[in-house]
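Asks: Below: one structure in structure tokens.
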Amino acid sequence: MDNSNSETINIHAHRSYWKLGEPMVWLSGAALASILAIAVILVFVIISNGLGVFWPSPVARISLLDGGSTIGELTQRQQKRDTGAWRQQIKTGNRDFNSLDFRWIEDSDIKKITYPANIIALERMEFGNFYGFLREVNTPSGQFSKDLNSQFEKQFHFIAEEMEKLEDMEDDISSLSNDMESLRLKKQKLEYHGVASGSPELAKVQAEHARLQQEFEELLIKQSNEINRLRAYTATFEDISGKTKSIPFLDIVRYYYPNTMSFFQKVGFYIEKLWELLAEEPREANTEGGLFPAIFGTVLMVIIMSFLSFPLGVITAIYMGEYAKDGVVNRMVHIAVHNLAGIPSIVYGVFGLGFFVYGIGGTIDTLFFPERLPTPTFGSGGILWASLTLGLLTVPVVIVATEEALSAVPKSVKEGSLALGATKFQTLIRVILPMASPGIMTGFILAIARAAGEVAPLMITGVVKLAPTLALDSSFPYLHLERKFMHLGFHIYDVGFQSPNVEAAKPMVFVTTFLLVMIVMVMSSLAIVLRNRLKERYTITGF
Amino acid sequence: MDAISLDPNVHVMESKDLDFYYGDSQALFGVSMKIPRNYVTALIGPSGCGKSTYLRCLNRMNDLIDRSRMVGSISFGGEEINDPALDVFRLRQKVGMVFQKYNPFPKSIYENVIYGLRIAGIKSKSILDETVERSLQRAALWDEVKDRLNGTALGLSGGQMQRLCIARAIANNPEVLLMDEPASALDPRSTARIEELITELRGKYTIVIVTHNMQQATRVSDFTGYFYEGVLKEHGTTEQIFTNPKEKHTEDYISGRFG
Ligand SMILES: Nc1ncnc2c1ncn2[C@@H]1O[C@H](COP(=O)(O)OP(=O)(O)OP(=O)(O)O)[C@@H](O)[C@H]1O
Ligand SMILES: [Mg+2]
């Protein structure tokens, strides 16, 4: 009796352990934890590699045992696999002297590392960073070799102000050249339509063009005189080996004394660099400078994409979910849509090239811009075609999410509306869509995230490594959808893997990745906030 | 109460030989029933006998079900409603419905009540305001919600939501109110309020109520129809059905021997 009793209890205990699903709970907990860990590690790797880039690191002077010495930022250490010896990577900059930015030095060759206070670091318009010592400041009114640092600062600010004026002139020049281009197109169009060469209409255009041409040339001369004048302001620097170089102030973007900066100066420097990243144009084959055109292109593309993808997806889903009769055709369409979401994105790219660029774009060109042919206007890749391609790519995502959201609206509420005399359409507009809106928003979020991160289809529908102009500017019609554009995702690929100086571009890769992640997060957070608002309003509790 | 309009011989709706099919399976068999104006008629019977199906025929809600078919005639105020040319939206405004599960819209209390009016295109603020107050008062909800008309209807209790659904139906100024087990999802107190409400509405509207609760049927209804397997077995005054049923079957059911 006793025995059998304890056995029952044992069996009972054993079964309840499995029945309660304890191991499954642990397993799913562990799975969740590892996914979270992966996400955290991903963000951490990107942030740690990306955000450290702009923090000014000290510049070391390394004395070697053989008597030589070098200066540069200490970047990374590595252990050699065969000997186990350590070696140090140094960013030496001065590409115009060394041809390489980076250099490896064995630990065993190093005698001493010091951080001299008088080292100056320059960011330049070309040839990357310069590390060395300031020796002279030369202006047309004289040469300075005393009180150098403050002289240098004074001249640098003077030139910076002058450069702003130069930029205004630059803007005038480019708007003039825009005007001339549109006149040229107008003339071309007139000629194409057979306007006689002596006609007053044509003569007027030609005269106008000639006037602008003259103005343009005058401005160009003025600009180059101005540049020549400013190039006379130079500073002479000496590198570690004693070679000197005189660099015009015009070529210096930024300078700092890396070994004497206080913490707050470093913070200021960091913020300045971040601002440059967000607001300025890229320099030096995209490895330096800002990312503004790429950020702008990415965001604009997602916005244009949304205008195609969201209405099309929602309307399709409404028809499929609420109106189409359930049958073989409906089910096939359903399956097809779900499969569309899984097609490799490059396939969409090829489709976009064939259909949008060559098909629609080519047709637009022959119909509306025949005078410009064979130069394409809409018939080559551009932001519009790339956005539309991505729109098609994300439509299935929107459709699937919307369908699910619609079918989650309780039938009782639909019937409640119909029983009050509402038509199906009124019920849809007044009850079903508002209630489905949080779910539809979820689809939008997924679509935005997917679109912002896609690169492959863009590469053949209009993205370029360096776009001369933004798709949005001050010349009529302001939004130039036929223009090529830059994109953060493509930028990562281009800078990281296509650039001549891969090592120097590495930080930019992480920074750009970080920005891309941020943009996706910002855009989807906005959508999530909106969705939660809708949810609060339209979720039925107590059902 | 408006006693003048009470005459058991005046019928607002009448079905004749009504058959109903869900696809191939028949759910109603030759139901002929007269529904007296401004009285409360209860439909009782075991589960699955076709009470809800019959009720939904009266405002053509069954139209929404694929492959369903209605054969026979139902007249409403002398007009045939089993007619493809009928304006069902107008019919449903005149024949309102309250469901077993309260189903307020995720809108404010105010917007819930005037939903039918908005659908009908009425925009005058004074008419809307007046309708809201009158309907909520008739649904015995006004005092509880008059200070939060613009608050969401989803914050009400279950019983309040059901009364809101009744107010919503009343706002359309219907002639007939169909109620399918309106109190079965509610607690006893809310149930009592709904029953009181039905008693108050009696005489102003014609009410057809489906219920599984025999006491409820005797408390609120004037007439009772007993359904069994898609057939209207017996129909008469509630008093007669519950005290002196003609059919043995009816007696067995109401005395709780099955069902
Ligand atoms: N949408 C439908 N499709 C097919 N058959 C249905 C449908 N709705 C109801 N039926 C069937 O029709 C018959 C009558 O159903 P109905 O809902 O009218 O019964 P009821 O008397 O209201 O039952 P209950 O008291 O349980 O609500 C049942 O056999 C049911 O299975
Ligand atoms: Mg029922």
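Asks: Take the conditions under 30 Å from B:R90 (Cβ atoms), assigned to a helix (DSSP H, G or I) and in contact (Cβ under 8 Å) with a residue 60 or more places away in the chain and apply them to A:I432. Does it pass? Step through it out loud before you land on a result.
Replies: Numbers: under 30 Å from B:R90 (Cβ atoms): yes; assigned to a helix (DSSP H, G or I): yes; in contact (Cβ under 8 Å) with a residue 60 or more places away in the chain: yes.
Yes.
Asks: Taking the range A:316-341, which residues are open to solvent by 60 Å² or more (accessible area, probe 1.4 Å) and under 30 Å from A:L516 (Cα atoms)?
Replies: A:H338, A:N339, A:L340
Asks: Okay, next question. Enumerate the pairs (first residue in the range A:436-449 and aromatic (F, W, Y); second residue anywhere and at pLDDT 85 or above) with beta-carbon separation below 7 Å, excluding pairs fewer than 6 apart on the same chain, so at least 6 apart or on different chains.
Replies: As it stands, the answer is A:F444/A:F310; A:F444/A:V398, since those pairs meet every condition given.
Asks: If you take the residues of the range B:47-63 that are part of a helix (DSSP H, G or I) and more than 9 Å from ligand 1 (Cβ to nearest atom), which of them is surrounded by the most Cβ atoms within 10 Å (Cβ to Cβ)? Full working, then the answer.
Replies: Here is the first cut: in the range B:47-63, the ones part of a helix (DSSP H, G or I) are B:51-58, B:61-63.
From the residues that got through so far, the ones that are more than 9 Å from ligand 1 (Cβ to nearest atom) too are B:57-58, B:61, B:63.
Numbers: B:C57: 25, B:L58: 22, B:M61: 22, B:D63: 14.
The selected residue is B:C57.
Asks: Out of A:E238, A:E226, A:E201, A:E191, report the one residue that is farther than 30 Å from A:S141 by Cα and in contact (Cβ under 8 Å) with a residue 60 or more places away in the chain. Walk me through it before giving the result.
Replies: Working: A:E238 fails: farther than 30 Å from A:S141 by Cα; A:E226 fails: farther than 30 Å from A:S141 by Cα; A:E201 fails: in contact (Cβ under 8 Å) with a residue 60 or more places away in the chain.
It is A:E191.
Asks: Still on this model: Residue check, B:D83 against (1) assigned to a loop (DSSP other than H, G, I, E, B); (2) modelled with pLDDT of 90 or more; (3) open to solvent by 30 Å² or more (accessible area, probe 1.4 Å), all met but one. Which one?
Replies: Exception for B:D83: condition (2).
Asks: Can you find, within the range A:476-505, the residue that is surrounded by the fewest Cβ atoms within 10 Å (Cβ to Cβ) among those that are in a helix (DSSP H, G or I) and without any contact (Cβ under 8 Å) to a residue 24 or more places away in the chain? Break it down into steps so the answer makes sense when it comes.
Replies: Within the range A:476-505, the subset in a helix (DSSP H, G or I) is A:488-497, A:502-505.
From the residues that got through so far, the ones that are without any contact (Cβ under 8 Å) to a residue 24 or more places away in the chain too are A:496-497, A:502.
On the way: A:G496: 17, A:F497: 10, A:V502: 13.
Filtering the range A:476-505 for residues that are in a helix (DSSP H, G or I) and without any contact (Cβ under 8 Å) to a residue 24 or more places away in the chain, the one surrounded by the fewest Cβ atoms within 10 Å (Cβ to Cβ) comes out as A:F497.
Asks: Take A:E281 and decide whether it is more than 14 Å from every other protein chain (Cβ to nearest Cβ) and either at negative phi or not acidic (D, E) (or both).
Replies: Criteria met by A:E281.
Asks: Would you mind finding the one in A:F263, A:F237 that is open to solvent by 40 Å² or more (accessible area, probe 1.4 Å) and modelled with pLDDT of 85 or more? Spell out how you get there, then give the answer.
Replies: Values: A:F237 fails: open to solvent by 40 Å² or more (accessible area, probe 1.4 Å).
When all the criteria are applied, what remains is A:F263.
Asks: Across the range A:53-107, what is the total count of residues that are assigned to a loop (DSSP other than H, G, I, E, B), open to solvent by less than 50 Å² (accessible area, probe 1.4 Å) and more than 18 Å from A:K245 (Cβ to Cβ)? Outline the logic, then answer.
Replies: Going through the range A:53-107, the residues assigned to a loop (DSSP other than H, G, I, E, B) turn out to be A:55-59, A:65-68, A:80-85, A:92-94, A:99-101.
From what is left, the residues that are open to solvent by less than 50 Å² (accessible area, probe 1.4 Å) are A:56-57, A:59, A:68, A:84-85, A:92-94, A:101.
From the residues that got through so far, the ones that are more than 18 Å from A:K245 (Cβ to Cβ) too are A:56-57, A:68, A:84-85.
Summing the residues that are assigned to a loop (DSSP other than H, G, I, E, B), open to solvent by less than 50 Å² (accessible area, probe 1.4 Å) and more than 18 Å from A:K245 (Cβ to Cβ) in the range A:53-107 gives 5.
Asks: Got at least one residue in the range B:186-207 being within 15 Å of ligand 1 (Cβ to nearest atom), part of a strand (DSSP E or B) and away from every other protein chain (no Cβ under 14 Å)? First the steps, then the outcome.
Replies: Step one: filter the range B:186-207 for residues within 15 Å of ligand 1 (Cβ to nearest atom), giving none.
Within the range B:186-207, not a single residue is within 15 Å of ligand 1 (Cβ to nearest atom), part of a strand (DSSP E or B) and away from every other protein chain (no Cβ under 14 Å).
Asks: OK, next. Between A:P370, A:P344, A:P438, A:P374, which is within 29 Å of the chain's Cα centre (by Cα) and more than 14 Å from chain B (Cβ to nearest Cβ)? Reasoning before the result, please.
Replies: Numbers: A:P370 fails: within 29 Å of the chain's Cα centre (by Cα); A:P438 fails: more than 14 Å from chain B (Cβ to nearest Cβ); A:P374 fails: within 29 Å of the chain's Cα centre (by Cα).
After ruling out the rest, the residue left standing is A:P344.
Asks: From A:G132, A:G128, grab the single residue that is closer than 19 Å to A:V502 by Cα, surrounded by 12 or more Cβ atoms within 10 Å (Cβ to Cβ) and touching an Asp or Glu at 6+ places or on another chain (Cβ under 7 Å).
Replies: Working: A:G132 fails: closer than 19 Å to A:V502 by Cα.
The unique qualifying residue is A:G128.
Asks: For the subset of the range B:194-218 comprising residues that are more than 16 Å from the chain's Cα centre (by Cα) and surrounded by 16 or more Cβ atoms within 10 Å (Cβ to Cβ), which member is modelled with the lowest pLDDT?
Replies: The first filter runs over the range B:194-218 and keeps only residues more than 16 Å from the chain's Cα centre (by Cα), leaving B:214-215, B:218.
Still in the running and surrounded by 16 or more Cβ atoms within 10 Å (Cβ to Cβ): B:214, B:218.
On the way: B:M214: 90, B:T218: 93.
Restricting to residues being more than 16 Å from the chain's Cα centre (by Cα) and surrounded by 16 or more Cβ atoms within 10 Å (Cβ to Cβ), the top hit is B:M214.
Asks: Follow-up question, since we're still on this one. Do we find that A:L530 is part of a helix (DSSP H, G or I) and surrounded by fewer than 18 Cβ atoms within 10 Å (Cβ to Cβ) in this structure? Working first, answer last.
Replies: Working: part of a helix (DSSP H, G or I): yes; surrounded by fewer than 18 Cβ atoms within 10 Å (Cβ to Cβ): yes.
When the stated conditions are applied, A:L530 passes them.
Asks: Now, a different point. Which residue is nearest to ligand 2 (Cβ to nearest atom), if the candidates are limited to the range B:33-57 and must be among the small types (G, A, S) and closer than 15 Å to B:V208 by Cβ?
Replies: B:S52
Asks: In the range B:210-225, which residues are assigned to a strand (DSSP E or B) and away from ligand 1 (no atom under 13 Å from the Cβ)? Full working, then the answer.
Replies: If we filter the range B:210-225 for residues that are assigned to a strand (DSSP E or B), which is where we start, we get B:210, B:223-225.
The answer is B:F223, B:T224.
Asks: Any residue in the range B:226-244 that is outside any loop (DSSP other than H, G, I, E, B), over 20 Å from B:G45 (Cα atoms), more than 16 Å from ligand 1 (Cβ to nearest atom) and away from chain A (no Cβ under 14 Å)? Steps first, please.
Replies: Let us first name the residues in the range B:226-244 that are outside any loop (DSSP other than H, G, I, E, B), namely B:226-228, B:231-243.
Checking the rest, the ones that are also over 20 Å from B:G45 (Cα atoms) come to none.
No, that holds for no residue.
Asks: With the requirement that a residue be assigned to a helix (DSSP H, G or I) and buried (at least 21 other Cβ atoms within 10 Å of the Cβ), what does the range A:446-459 give you? Reasoning before the result, please.
Replies: As a first pass, look at the range A:446-459 and keep what is assigned to a helix (DSSP H, G or I): A:446-453, A:456-459.
Answer for the range A:446-459, where residues must be assigned to a helix (DSSP H, G or I) and buried (at least 21 other Cβ atoms within 10 Å of the Cβ): A:A447, A:I448, A:A451, A:A452, A:P457, A:L458.
Asks: Which one of the conditions (1) more than 24 Å from A:R135 (Cβ to Cβ); (2) crowded, with 16+ Cβ neighbours inside 10 Å does A:L250 fail to meet, given that it meets all the rest?
Replies: (1)
Asks: If A:S412 satisfies all but one of (1) more than 14 Å from every other protein chain (Cβ to nearest Cβ); (2) among the hydroxyl-bearing types (S, T, Y); (3) surrounded by fewer than 20 Cβ atoms within 10 Å (Cβ to Cβ), what's the number of the condition it fails?
Replies: (1)
Asks: Criterion first (under 17 Å from the mean Cα position of the chain (by Cα), within 16 Å of ligand 2 (Cβ to nearest atom) and within 11 Å of chain A (Cβ to nearest Cβ)) does B:R60 satisfy it? Before the answer, list the steps.
Replies: Numbers: under 17 Å from the mean Cα position of the chain (by Cα): yes; within 16 Å of ligand 2 (Cβ to nearest atom): no; within 11 Å of chain A (Cβ to nearest Cβ): yes.
Spelling it out, it is not the case that B:R60 is under 17 Å from the mean Cα position of the chain (by Cα), within 16 Å of ligand 2 (Cβ to nearest atom) and within 11 Å of chain A (Cβ to nearest Cβ).
Asks: Follow-up. Looking for whichever is within 16 Å of ligand 1 (Cβ to nearest atom), among the aliphatic types (A, V, I, L, M) and either over 28 Å from A:T539 (Cα atoms) or touching a residue at least 40 places away in the same chain (Cβ under 8 Å) (or both) here; the options are B:V95, B:V113, B:V71. Which one fits?
Replies: On the way: B:V95 fails: within 16 Å of ligand 1 (Cβ to nearest atom); B:V113 fails: within 16 Å of ligand 1 (Cβ to nearest atom).
After ruling out the rest, the residue left standing is B:V71.
The values are calculated or read from the model by the stated rules, or taken from the named source; none is laboratory data. What you see is a predicted model; the values in this text were computed from it and never measured. Note that we place each Cβ from the backbone using ideal geometry, even for glycine, and neighbour counts take in every protein chain shown. We work out accessible area using only protein heavy atoms, side chains counted, and drop any ligands, DNA or RNA first. Shrake-Rupley method; radii C 1.70, N 1.55, O 1.52, S 1.80 Å.
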